[in-house]
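The values are calculated or read from the model by the stated rules, or taken from the named source; none is laboratory data. Note that the coordinates shown come from a computational prediction; the quantities given were computed from them, not determined experimentally. Because the Cβ atoms are built from the backbone with ideal geometry, glycine has one as well, and the counts that use them run over all protein chains shown.
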Amino acid sequence: MIILDGNHLNLEQAKKIIFDHEKVSASEMSLEKVIESRNAVEKILQEGRTIYGINTGFGKLSEVRIGEKDTEQLQVNLIRSHACGVGNPFPETVVRGMLLFRANALLKGYSGVRPEIIHYLLEFLNRGIHPVIPEQGSLGASGDLAPLSHLALALIGEGEVFYRGERLPAVVVLEREGINPLTLKAKEGLALINGTQAMTAVGVVSLLEAQKLANMSDWIASLTLEALQGIIDAFDERIHLARGFQEQTETASSIRKILEGSRLITRQGQLRVQDAYSLRCIPQVHGASKKAIHYVAGVLETEMNAATDNPLIFYEDDEYLSGGNFHGQPVALAMDFLKIAVSELANISERRVERLVNPQLNDLPPFLSSEPGLQSGAMIMQYTAASLVSENKVLAHPASVDSIPSSGNQEDHVSMGTIAARNALQIVQNTWRVLAIEMICAMQALEYRGIENMATRTKKLYEEGRKVIPTIHQDRVFSYDIEKMTRWLKEVPVEKLV
């Protein structure tokens, strides 16, 4: 059981909750702050003060005063009208992240909601009730309004949910689980949807995969280095210490460790003086991407524990302040950075694939084919890698530099952070497939070089990989191989190969 307090959720805990379905509860101390914050909202209503989102309209309509008898209906209207998402539903992992991060943000005690709101979010999370939330429709400022509105719909018994493999009306699932639909009070609808939890959830899912992907890139690149009899001197620690980037130095160290004992790698001058950049510069390129990934992790861990709605209630000072913490710019920039960092892992991997299959660049059989001409071998696998890399280049265009005014020009600068995060997730998936292609080609090339000469660690990776994808003796439908290898790479515990 992981206990949330609004301030200390980390990526490792998020991973356990999102992917492993670890149970979650709220800390009693945080709930006390939530109650104090709610009492402040009740005081506002009793005193008849005008506060945005409690007894006013929203956005450009914020100057419209709402009567006390309509404050609850205002919240329901808000959820229904803002549920304008379109497109395919977010995957379950992203929805779990949204439920988790919204509950954690409300536990900070700045949002003026009742504890019941948080309990409902955690009940959905713990019982595996996942609202159907369309991917498209968020501008990434004023929060992820459309996606979070679809989340909130399910809480009040409207909309749809995924539940035990079925897509069902939310009201049906709530009845099965013995849960009454939530009744929203003043400000609670706004507090549920005014935040960055969609982009943050997509960002965290993307990041967690990118971290493993970057690590796996070192292993697969090591296979290619052996297959192409790469020069190990380029990974000498002195070279990398001379530059000073920690991630670069660590990558070179990792490659040296993985290749320890290999009889396939060479020294400078033995076969050639220098390797091509896609081999020689692995530490510099992989290391730079890892550094960017570390930065993104810091941004997301901060945002996971951030109060991102509006207004914020500082009950101890009797202050109710309107601001812009819902603006997703920090996440938007980080996601655009992640897109570029992961794209580069794919770029250099595809260039290594080309060196594995192109007979003008190596002394291996053309396209690793057993019968060049009659059989095309890995020729079109390189085409697919090139296509995915090119698609990444389009997706890597920064979403954060775009902005379209909304709400009668009241909301005149937006982050497009959710678009950036969604594109990042797609780039991660594309890059897994590029790495899968490199893995398949490297394994095939190594059979020509001699498996018995491989390093202990790379040989173990090769043997495990061959359990997934058999040796290519003749042409077959390689699409199936690529998809199988992709799934395996995502799941294989690399640390067990060390």
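Sub-6 Å Cβ pairs linking a first residue in region 364-393 that is over 15 Å from M439 (Cα atoms) and in the same structural domain as Q229 (by TED's automatic domain parsing) to a second residue that is of a type in the set (A, V, I, L, M, F, W, C) and assigned to a helix (DSSP H, G or I), at least 6 apart or interchain, are L364/A445; L388/V434; V389/A346; N392/A346; N392/I427, ordered by first then second residue. Would region 272-287 turn up any residue that is closer than 30 Å to I17 by Cα and touching a residue at least 12 places away in the same chain (Cβ under 8 Å)? Yes, because at least one residue in region 272-287 is closer than 30 Å to I17 by Cα and touching a residue at least 12 places away in the same chain (Cβ under 8 Å). Residue count for region 104-147 under the criterion of being closer than 18 Å to T183 by Cβ and in a helix (DSSP H, G or I): the result is 11.
A single entry from T71, T93 fulfils the requirement of being polar (S, T, N, Q), out of contact with any Asp or Glu (no Cβ under 9 Å at 6 or more places or on another chain) and farther than 18 Å from E188 by Cα: T93. Against the list (1) within 19 Å of the chain's Cα centre (by Cα); (2) free of Cβ contacts under 8 Å to residues at least 12 places away in the same chain; (3) farther than 30 Å from L4 by Cβ, the condition E344 fails is (2).
The rows are residues; the columns are (1) modelled with pLDDT of 95 or more; (2) under 29 Å from the mean Cα position of the chain (by Cα); (3) part of a helix (DSSP H, G or I); (4) loosely packed, with under 14 Cβ neighbours inside 10 Å.
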site: E12; (1), (2), (3), (4): yes, yes, yes, yes
site: K15; (1), (2), (3), (4): yes, yes, yes, no
site: I18; (1), (2), (3), (4): yes, yes, yes, no
site: S37; (1), (2), (3), (4): no, no, yes, no
site: A40; (1), (2), (3), (4): no, no, yes, no
site: Q46; (1), (2), (3), (4): no, no, yes, yes
site: T50; (1), (2), (3), (4): no, no, no, yes
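Report, by residue number, each residue of region 428-449 that is among the aliphatic types (A, V, I, L, M) and within 16 Å of H286 (Cα to Cα).
Going through region 428-449, the residues among the aliphatic types (A, V, I, L, M) turn out to be 428, 434-437, 439-440, 442-443, 445-446.
V428, V434, L435 - these are the residues of region 428-449 that are among the aliphatic types (A, V, I, L, M) and within 16 Å of H286 (Cα to Cα).
Regarding region 410-426, can at least one residue be identified that is in a loop (DSSP other than H, G, I, E, B), among the hydroxyl-bearing types (S, T, Y) and surrounded by 24 or more Cβ atoms within 10 Å (Cβ to Cβ)? Full working, then the answer.
Residues of region 410-426 that are in a loop (DSSP other than H, G, I, E, B), as a first pass: 410, 412-416.
Pick out the ones that are also among the hydroxyl-bearing types (S, T, Y) and you get 415.
Pick out the ones that are also surrounded by 24 or more Cβ atoms within 10 Å (Cβ to Cβ) and you get 415.
Checked region 410-426: at least one residue is in a loop (DSSP other than H, G, I, E, B), among the hydroxyl-bearing types (S, T, Y) and surrounded by 24 or more Cβ atoms within 10 Å (Cβ to Cβ).
Scan region 208-259 for residues that are part of a loop (DSSP other than H, G, I, E, B) and closer than 22 Å to R433 by Cα and the total you get is 1.
Of the residues A346, A288, the single one that is crowded, with 23+ Cβ neighbours inside 10 Å and farther than 27 Å from S37 by Cα is A346. Filtered by the rule that a residue be touching a residue at least 40 places away in the same chain (Cβ under 8 Å), surrounded by 13 or more Cβ atoms within 10 Å (Cβ to Cβ) and either in contact with a strand residue (DSSP E or B) (Cβ under 8 Å, 6 or more places away or on another chain) or assigned to a helix (DSSP H, G or I) (or both), region 457-487 gives R457, T458, L461, Y462, D475, F478, D481, I482, M485, T486.
Confirm whether A399 is part of a loop (DSSP other than H, G, I, E, B) and hydrophobic (A, V, I, L, M, F, W, C). I'd like the intermediate steps shown before the answer.
Details: part of a loop (DSSP other than H, G, I, E, B): yes; hydrophobic (A, V, I, L, M, F, W, C): yes.
Against the criterion (part of a loop (DSSP other than H, G, I, E, B) and hydrophobic (A, V, I, L, M, F, W, C)), A399 qualifies.
Within region 300-314, being part of a helix (DSSP H, G or I) and buried (at least 20 other Cβ atoms within 10 Å of the Cβ) holds for L300, E303, M304. Only one of the numbered conditions (1) in contact with a Lys or Arg (Cβ under 7 Å, 6 or more places away or on another chain); (2) in contact (Cβ under 8 Å) with a residue 40 or more places away in the chain; (3) closer than 24 Å to N77 by Cα is violated by L208, and that is (3).
Just one of the listed residues (E175, E158) is surrounded by fewer than 24 Cβ atoms within 10 Å (Cβ to Cβ), of a type outside the set (A, V, I, L, M, F, W, C), farther than 30 Å from V401 by Cβ and free of Cβ contacts under 8 Å to residues at least 12 places away in the same chain, namely E175. Taken over region 377-394, residues that are over 16 Å from I482 (Cα atoms) and modelled with pLDDT under 95 amount to 0. Does E316 satisfy the condition of being in the same structural domain as Q410 (by TED's automatic domain parsing) and either farther than 23 Å from Q426 by Cα or without any contact (Cβ under 8 Å) to a residue 24 or more places away in the chain (or both)? Considered against the rule, which asks whether it is in the same structural domain as Q410 (by TED's automatic domain parsing) and either farther than 23 Å from Q426 by Cα or without any contact (Cβ under 8 Å) to a residue 24 or more places away in the chain (or both), E316 comes out as yes.
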